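Working notes, structure below.
The values are calculated or read from the model by the stated rules, or taken from the named source; none is laboratory data. From a predicted model like this one, the values you see are computed outputs, not experimental measurements. Backbone-built Cβ (ideal geometry, glycine too); neighbour counts: all protein chains shown.
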Amino acid sequence: MFRKTIPPLWLLLLLLSHLSSAADLVSEKQSTEISQESVEIEGDNLETLLDRKMKAKGNAILKKGNKTIKAEVIEYDEISEKLTTTGNTNIDLENSRLTGSKLTYKLSDGTGRMDDATFNFTPDNKQEKSSIKNGSLITKRIYDYRGSAKTIFFEGEDKKRLERSKITTCEADSDDWYLKSGNMEVNTKTDRVKASNTVVEFKGLPVLYTPYINFSLNQNRKSGFLSPTFGTTTKSGFDFQIPYYFNLSPNMDATLTARYLGKRGPQADGEFRYLEENYSGKNQVQFMNHDEASGKDNRYFVKLEHQHKFNNGWSASYNYQKVSDDAYFSDLATMIQVTSVVNLPQRANINYSGDTWKFNALTEKYQTLTNASNSPYQRLPQLDLTAKKDYDSFILDLKSQWVYFDRDEKFTSTYTDTQKITGSRLSLTPSISVPFTETYGYIKPKLSTNIRSYNLNNSEVGNKDIITPILSIDSGMYFDRKINFLNQNFTNTLEPRLFYVYIPYKDQSSLPLFDTGLADLNMQTLFFENQYNGQDRINDANQLTAALTSKFIDKNGKERLSGIIAQRYYFEDRRIFGADLEAKKANSDIFMGATARLANSLNLDAMFQYDPTSRTMLRSTVSSRYNPEPGKMLNLSYRMIDNVSDDTQDLKVFNAAGQWPLGNRFYSIGRYNYDLKTSQTIEVLGGIEYDGGCWVARTIFDRISLPTSPQPNYTFFIQLELNGLGALGSDANKLNNFLYRNVPGVRTVNQIPDVNRQANFN
């Protein structure tokens, strides 16, 4: 093997002109330049022609900078920096490797051509980014690309033009899919691919043709057509969508989608998003000129969102949503989170948050899609002002609110006399607390006064003022000990807590219920002073809540087991609740809860509400989650509510959801939600994913019962995801969001680590 290093001609002249300055020849800077710019040639045989041309035969190698060229024969012209090769030729660049039958290449500007070429491209930035979305770990994967071309034209250091080419992310021994193009441009600096006259082949069959496609090797954003999507529903028939993406700037984009529904006709969908340091927003508009199924014209949906952060603690936002008709979502939407919407918010607010004072101004209306009973009061406007000051020995607190409540005129004819009441409400609640806190426990006495003033319309009351004093004392202690259980060391804690509340009775029966309802008595509300949500009612109280919590904490600080039991004791009958049995009970129901983290993969949770008087279990929630590894997950839950006073409010629901590998590259995804009270199925979701290595196929079936429709809706999704290229079939983002919400903890195949995926191949 012979080797020769050839410095460039300009460098030779420079050396000759500086022979008198020997020190310069050995300077660090010049040595670096020589190393970087020199050309190194080696081979079994070396020939020199006219002192400017070199020819290497047999295992020939030429190196310059980050370029390495290998061939049977390499001829190199030192002056023109042009080289030619014969025989099998390999080019190794910084982020690509190419092989061909012959090569003509100019080192100075990176231009030339290679015939009968194969290639491998590695994106410049191959860092995978992970994030948590809807409780699931989402990873953005970057793939290597390979392919072939009849001819590759080099048009600079980073640009290549491929004729009669094909490209894929499949492994070398797999040709499951290819993107074939008559003309393709690859920029390895920007990691962009542009192709014309393009066909996507899957298993040898053409599945998509497009005259033009533009995509990113590292999946960065770029303007262009996105993969078309399709699906079907029972109400709308075949659903086909073609989106076009506009990458307007690094912090701004838009998507325009042409949609066709087989039973209804065409629809347009536009979305515009923006993100700045101090503000962000998203605007969406859908429009259908004529619905052939319903006969309705000008059907639309508008959603406008904006959040803005100003200086000095001020911020503002708005959320405006509106549809053309009440049946819009039940007819045209496919996701249960959308189709089950009853009230569309139309709100705007301004906020201030300081060290002591906080302020919020809100206007809020709703478009109600069902009936008057589901129509909430409008707040036109609502003003909240709060303050909290922590002194050395006491804390001062102020909560104040003024609201004008109005009604949606759409339901005027159906409102009851009570529902027709409108007007304003002013509420003030100043308080002072004197907490005493130590490492072993605490006691926090608090004295407050609730002041309410009403100015009502359509009511015999008219104006009404009520002042209600409130006294509460919260206290607790901490105990712990070291124990050994099953050869494991734990810290066992015991935390007793007492919470006393006294509120005198005030007659409020003549006041409306604008935004107020009785809160469910549960483990949290047991420690609330007022058992009502909102400000229209303040319950009377002379009561003590006692609770006991115990925890087992391992040596790593993880809470492995915890339990709590709590009950409230009433020293007087409650008058504000009426003369029913509940108001005369001496004790509340008993509340019990437990959480177990038996292993890192198994979680158990349980909560119970037990009535000792009737010896009846009124509420129970039991759930478990088993997640031994990514791609293996099972959630089971049971929820029961026994409403003694109103059987229509009873609830018995069983829910199962999960994902599990089936072997031979198949994964199952499912959810089953069943109403045991009515013996009816609320939702059934079933799906299969197949891991093809460089592609994933999935099909999802969903049946949902909608509150806005007497008939259930059936939806069928089918999707073929070609890794690194995109998804064909159902909209990828919508389908993924649908799965994340309905099957908490699910991971699509491409979100599962390779080690776990490979275990499912057999």
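Remarks
- Scanning the range 256-282 for residues that are under 25 Å from ASN214 (Cα atoms) and under 19 Å from the mean Cα position of the chain (by Cα) gives GLU271, PHE272, ARG273, TYR274, LEU275, LYS282.
- Given (1) touching a strand residue (DSSP E or B) at 6+ places or on another chain (Cβ under 6 Å); (2) more than 29 Å from MET477 (Cα to Cα), number of the condition ASP573 does not satisfy: (1)
- Single match in ASN374, ASN351, ASN455 (criterion: within 29 Å of ALA316 (Cβ to Cβ) and more than 40 Å from the chain's Cα centre (by Cα)): ASN455
- Check on GLN307, free of Cβ contacts under 8 Å to residues at least 60 places away in the same chain, farther than 26 Å from PHE215 by Cβ and crowded, with 17+ Cβ neighbours inside 10 Å: no
- Count - residues of the range 307-325 that are farther than 12 Å from GLN346 by Cα and in a strand (DSSP E or B): 6
- All conditions in (1) crowded, with 16+ Cβ neighbours inside 10 Å; (2) touching a Lys or Arg at 6+ places or on another chain (Cβ under 7 Å) hold for TYR279, with the sole exception of (1).
- Restricting PHE499, PHE490 to those that are among the aromatic types (Phe, Trp, Tyr) and in contact (Cβ under 8 Å) with a residue 60 or more places away in the chain reduces the list to PHE490.
- No other residue among VAL207, VAL193 is touching a residue at least 60 places away in the same chain (Cβ under 8 Å) and of a type outside the set (D, E, K, R) apart from VAL207.
- Subset of the range 50-74 [modelled with pLDDT under 90, surrounded by fewer than 17 Cβ atoms within 10 Å (Cβ to Cβ), out of contact with any Phe, Trp or Tyr (no Cβ under 8 Å at 6 or more places or on another chain) and under 23 Å from THR111 (Cβ atoms)]: ARG52, GLY65, ASN66, LYS67
Here is a yes/no grid of residues against (1) in contact (Cβ under 8 Å) with a residue 24 or more places away in the chain; (2) closer than 21 Å to LYS203 by Cβ:
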{"site": "ARG671", "(1), (2)": "yes, no"}
{"site": "SER679", "(1), (2)": "no, no"}
{"site": "ALA732", "(1), (2)": "yes, yes"}
{"site": "PRO744", "(1), (2)": "yes, no"}
{"site": "PHE761", "(1), (2)": "yes, yes"}
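- Counted as qualifying within the range 408-486 are the strands (runs of 3 or more DSSP E) with 1 or more residues that are of a type in the set (A, V, I, L, M), namely 422-433, 441-457, 463-477, 479-485.
- Of all residues in the range 74-110, exactly one satisfies the criterion of being without any contact (Cβ under 8 Å) to a residue 40 or more places away in the chain, farther than 24 Å from GLY147 by Cα and in the same structural domain as TYR145 (by TED's automatic domain parsing), namely SER108.
- Test: residue in the range 546-555 that is modelled with pLDDT under 90, under 26 Å from THR491 (Cβ atoms) and touching a strand residue (DSSP E or B) at 6+ places or on another chain (Cβ under 6 Å): yes
- Tally of residues being in a strand (DSSP E or B) and closer than 22 Å to ARG425 by Cα across the range 353-400: 24
- Within the range 512-538, residues that are touching a residue at least 24 places away in the same chain (Cβ under 8 Å) and in the same structural domain as VAL461 (by TED's automatic domain parsing) reach partners that are of a type in the set (Val, Ile, Thr) and surrounded by fewer than 15 Cβ atoms within 10 Å (Cβ to Cβ) with beta carbons closer than 9 Å, at six or more positions or on different chains, in the pairs PRO512/THR418; PRO512/VAL461; LEU513/THR418.
- Among the residues of the range 358-405, those that are among the basic types (Lys, Arg) and over 20 Å from GLN321 (Cβ atoms) comprise LYS358, LYS388, LYS389, LYS399.
For (1) surrounded by 16 or more Cβ atoms within 10 Å (Cβ to Cβ); (2) assigned to a strand (DSSP E or B); (3) in contact (Cβ under 8 Å) with a residue 24 or more places away in the chain; (4) not charged (D, E, K, R), each residue gets a yes or a no:
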position: MET592; (1), (2), (3), (4): yes, yes, yes, yes
position: GLN609; (1), (2), (3), (4): yes, yes, yes, yes
position: SER620; (1), (2), (3), (4): yes, yes, no, yes
position: ARG625; (1), (2), (3), (4): yes, yes, yes, no
position: PRO628; (1), (2), (3), (4): no, yes, yes, yes
position: MET633; (1), (2), (3), (4): yes, yes, yes, yes
position: TYR638; (1), (2), (3), (4): yes, yes, no, yes
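- First in the range 317-337 and closer than 30 Å to ASN278 by Cβ, second anywhere and modelled with pLDDT of 85 or more and buried (at least 21 other Cβ atoms within 10 Å of the Cβ), Cβ under 8 Å, 6 or more apart: GLN321/PHE301; LYS322/PHE301
- ILE432 being of a type in the set (A, V, I, L, M), touching a residue at least 24 places away in the same chain (Cβ under 8 Å) and assigned by TED's automatic domain parsing to the domain that holds THR525: no
- Filtered residues of the range 366-389 (kept if surrounded by 14 or more Cβ atoms within 10 Å (Cβ to Cβ) and among the charged types (D, E, K, R)): ARG379, ASP384, LYS388
- With respect to the conditions (1) modelled with pLDDT of 90 or more; (2) buried (at least 18 other Cβ atoms within 10 Å of the Cβ), GLY182 lacks only one, and its number is (2).
- For the range 249-264, filtering for residues that are surrounded by fewer than 17 Cβ atoms within 10 Å (Cβ to Cβ), part of a strand (DSSP E or B) and at pLDDT 90 or above leaves 6.
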